[in-house]
Amino acid sequence: MRRVHPAEGFTLLEILLVLSMVATLLLMSVPTFNTYHEQTQLALLTQQITEELYMARNKAITIHRKIRYVCSESGDKKRYLAGEEGEVLQRFGVLPSQYHLSLHNSLSKNAYLTFMPEGFTNAERGSFYLQGPCKSVRIVIGVCGKVRVES
């Protein structure tokens, strides 16, 4: 007597059903991934700008000169360190196109913050606002040159 075995495997309908469920789950996760990517990029840029500000302060203390941390208000989005006469000492990378950095200074309307040779900010208090596509961060610089980040 011969035994009849049913065909093994999946039907086309079952495969299409599973593929449509996987595609639906992937489409639901894309907005979450985009938000995560934007938040990660904002955190990375915030850390980078904070380090640049500390570098400006340390350079002023080390070389015993006034150092300016300049963020260009024009469309080129350049950031750099400059000496007292405006000569460029060090350039930093350009911000991505969807991000904008602006300085709100307590004493002047300049687009730079001056660090004195002692490490202080020439009685200036300022806040850099880093604005991204979905969120913004405030980087606050006190009179003593200390930097803190506020969300």
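Using Cα-only point scatterers and the Debye equation, what is log10 of I(q)/I(0) for the stretch 54-93 at each q in 0.28, 0.34 Å⁻¹, rounded to two decimals?
-0.95, -1.19
Using 0.36 nm times the number of residues separating K78 and Y54, minus their current alpha carbon distance, what extension gain do you get?
6.9 nm
So what is Rg over Rh here for the stretch 1-53, counting just Cα atoms and using Kirkwood for Rh?
1.56
What 222 nm value per residue comes from the helices of the chain, counting each DSSP H run with n ≥ 4 as -39,500 (n - 2.57) and dividing by all residues, nearest 500 deg cm²/dmol?
-13000 deg cm²/dmol
Along the stretch 78-85, what does the Karplus equation 6.51 cos²θ - 1.76 cosθ + 1.60 (θ = phi - 60°) give for ³J(HN,Hα), rounded to whole Hz, x for Gly and Pro?
Taking θ as phi minus 60°, the curve returns 8, 10, 7, 9, 10, x, 4, 8 Hz for the stretch 78-85.
So for the pair V140, L16, with labels modelled 7 Å out along Cα→Cβ, what separation do we get in nm?
6.0
From Cα pairs below 8 angstrom and at least 6 apart in sequence, can you work out the relative contact order of the chain, rounded to a whole percent? Could the numbers behind the result be given before it?
Values: 228 pairs, mean separation 27.8, N = 151.
Relative contact order comes out at 18 percent.
Can you give the FRET efficiency to the nearest 0.05 for H37 and S102, using r as the Cβ-Cβ distance and R₀ = 30 Å?
Efficiency at R0 = 30 Å is approximately 0.80.
Would you pull out the residues with amide H under 5 Å of L89's amide H, same chain only if 5 or more places away, H placed 1.01 Å from N?
Distant-sequence amide H within range of L89: L81, A82, G83.
If you bin the C-alpha pair distances of the chain every 10 Å from 0, what whole percents do you get?
Percent of pairs per bin, in order: 10, 32, 22, 9, 7, 7, 6, 4, 2, 1, 0.
Since every read-out is calculated from the coordinates, none of them should be taken as a lab result. This one's a predicted model, so the numbers in the text were calculated from it and none came from an experiment. Glycine also receives a Cβ, built like all others from the backbone with ideal geometry; neighbour counts cover every protein chain displayed.
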